[in-house]
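Written below as structure tokens is the structure these notes are about.
Values quoted throughout were computed directly from the atomic coordinates according to the rules given, and no laboratory measurement underlies them. Every value quoted in this text rests on a predicted model; they were computed, and no experiment measured them. Cβ: placed from backbone, ideal geometry, glycine included. Neighbour counts: every protein chain shown.
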Amino acid sequence: MRLTFWTGFWVFLLDQVTKYVVLYLVNLPAQPNQTYDVFAPFVTLRMAWNRGVNFGLFADFDMRWALV
């Protein structure tokens, strides 16, 4: 159980740090259709906004509230 918690914690933290780097340090939103090679060709960052829940599901604004 501890391993599961710590694995989830570190994955969540890495996700948040990556989002911060993309938004504020690399400034990808200001550069449309641009990529940032971290460790090319294996890790490449590209800015995209996901308006849906998971993989773009329920991206329509009204359908999102059906889950609540």
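Descriptive notes on the structure:
- Restricting attention to the stretch 1-32, the residues being within 14 Å of the chain's Cα centre (by Cα) and of a type in the set (S, T, N, Q) number 2.
- Enumeration of residues in the stretch 9-50 that are in a helix (DSSP H, G or I) and either surrounded by 12 or more Cβ atoms within 10 Å (Cβ to Cβ) or of a type in the set (Lys, Arg) (or both): THR18, LYS19, VAL21, VAL22, LEU23, LEU28, PRO29
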